[in-house]
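Read through the structure below, which is laid out as structure tokens, and then see the notes.
The values are calculated or read from the model by the stated rules, or taken from the named source; none is laboratory data. Please read these numbers as outputs of a predicted model, since none were measured by experiment. No Cβ is skipped: glycine too gets one built from the backbone with ideal geometry, and neighbour counts run over all protein chains shown.
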Amino acid sequence: MNSKLRKRIAFPADAGRALGGSRSRGRGALAALLCCAVFLGGCGASLAPKEANDYAAELLEQEKYTAAASAYAKNIEKGYFTAEAYRGLGLSQMAEGRYADACISLERSLLAVERQPETFVRDVRLYLAWCRWMHGERGRAIDIYSEMLLENPEPEVYFLRGRLYMESGQEEEAAWDFSRAAETTEDLRVFINIYRVYADYEKNADGSRYLEQALAFAGEAPENALDRALVKYYLRNYTEARKEVFAALETDPQNAEAKFLLGRIYLATGDTPNARATYREYTNNAQSAGRAYAGLLACDLMEKNTDEAQKDLAAAMELPGASKNRDLRYYEILVYEYRHDWENARRKAAAFVLDFPTDEEGLRENAFLASR
């Protein structure tokens with residue numbers, strides 16, 4: 001991935017969210033199990049199949065990738081949850097940058113599928129496509145997306161294949177996929193993500209028409225003022241975007257989404273004091289604190305104040321559910337990156353893409369850091 005794509009700070013709260021599934025979690029429920037596993041000798045050696053599978057999953061959750069890989073390998077030997085075990089092994093290998101091994105494990109997971117739900121199969125195929133891409137096999141990654149689209153023409157997968165076509169220099173094929181994604185979705189984020197791919201390759205004019213489509217899609221209805229504001233924000237028409245935000249706030253003065261977008265507009269126009277003040281309003285709000293701290297971290301990084309960013313990140317990660325918060329996890333990567341702590345940045349990016357396998361911003365960061 002070209003390093004010039006790293007020039008700006010991204011705001012992932014709207015356009016950069018995951019377009020697919022995430023890894024399941026069970027941290028609290030396994031605390032006693034882990035203690036029991038240590039007592040029994042570690043690595044889940046004496047555990048029943050379900051407990052052994054949960055034990056390996058917890059190691060993966062804790063980013064103990066080597067131990068997780070070992071636990072999953074033992075489960076495979078014993079025939080415990082084979083499809084899940086190969087998937088977990090593949091994810092452990094993927095997190096360590098062992099993409100060739102991960103491809104083999106994920107393919108074996110698909111071969112072992114019996115009664116797993118379609119969501120499981122989709123999840124594994126998305127990871128496999130990513131690993132193929134990172135292993136330098138873009139064509140095979142595209143083939144995976146193509147097979148998925150034959151079975152279910154999802155706009156998200158059209159977008160992902162289009163992005164890979166663009167990466168491969170196949171602009172006509174990318175344009176067709178982006179067009180299909182836009183035709184089959186009602187999600188403004190898809191339109192915005194398509195624009196951002198074009199913008200990354202300095203083809204803003206080609207991408208801007210998708211923002212115009214999103215604007216037309218939002219229409220003129222008063223209740224869609226916030227949608228129009230978001231699109232105008234990406235069109236860099238900040239004056240009009242602000243008007244739309246204020247229109248939304250007239251209808252609902254407590255609209256947190258409108259306030260957060262207003263903070264982004266302030267920051268985009270260099271008004272960090274007002275941006276900070278806007279985000280600070282929500283740091284004590286249980287439902288919005290995570291996004292508020294993400295906004296503050298954006299302010300910190302915009303000002304290149306890495307010490308303040310570290311403080312805000314520490315406070316943010318103490319919030320309940322912080323480990324599952326996409327925005328905080330993303331800014332955690334950026335804070336390490338801006339501090340030139342490349343090892344931790346790479347580790348956090350690898351963990352991020354395990355949890356959010358189709359997240360555009362996360363994939364971009366992981367690809368960038370993999371080349372450092």
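Points to keep in mind about this one:
- Any hit, segment 66-79, residues being in the same structural domain as residue 122 (by TED's automatic domain parsing), under 14 Å from residue 354 (Cα atoms) and in contact (Cβ under 8 Å) with a residue 60 or more places away in the chain: no
- Taken together, the criteria exclude residue 265 from residues that are within 24 Å of residue 63 (Cα to Cα) and of a type outside the set (Phe, Trp, Tyr).
- Complete set of residues in segment 153-174 that are part of a loop (DSSP other than H, G, I, E, B) and either farther than 16 Å from residue 140 by Cα or among the aliphatic types (A, V, I, L, M) (or both): 153, 154
- When 321, 270, 295, 290 are checked against the criterion of being assigned by TED's automatic domain parsing to the domain that holds residue 337 and either loosely packed, with under 15 Cβ neighbours inside 10 Å or among the basic types (Lys, Arg) (or both), a single residue qualifies: 321.
- Condition met for residue 328 (in contact (Cβ under 8 Å) with a residue 24 or more places away in the chain and not assigned by TED's automatic domain parsing to the domain that holds residue 223): yes
- Residue 303 closer than 26 Å to residue 360 by Cα and of a type in the set (Asp, Glu): yes
Quick grid of which residues meet (1) of a type in the set (D, E, K, R); (2) modelled with pLDDT under 95; (3) more than 27 Å from residue 93 (Cβ to Cβ):
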residue	(1), (2), (3)
304	yes, yes, yes
307	yes, yes, yes
310	no, yes, yes
317	no, yes, no
321	no, yes, yes
341	yes, yes, no
353	no, yes, no
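- Check on residue 181, among the small types (Gly, Ala, Ser), touching a residue at least 24 places away in the same chain (Cβ under 8 Å) and surrounded by 15 or more Cβ atoms within 10 Å (Cβ to Cβ): yes
- Lone unmet requirement of (1) out of contact with any helix residue (DSSP H, G or I) (no Cβ under 6 Å at 6 or more places or on another chain); (2) farther than 21 Å from residue 238 by Cβ; (3) hydrophobic (A, V, I, L, M, F, W, C) for residue 277: (2)
- Residue match in segment 68-81 (condition: surrounded by fewer than 22 Cβ atoms within 10 Å (Cβ to Cβ) and closer than 19 Å to residue 350 by Cα): yes
- Members of segment 88-99 that are modelled with pLDDT of 95 or more and over 19 Å from the mean Cα position of the chain (by Cα): 89
- The numbered conditions (1) within 27 Å of residue 154 (Cα to Cα); (2) touching a residue at least 24 places away in the same chain (Cβ under 8 Å) are all true for residue 238 except (1).
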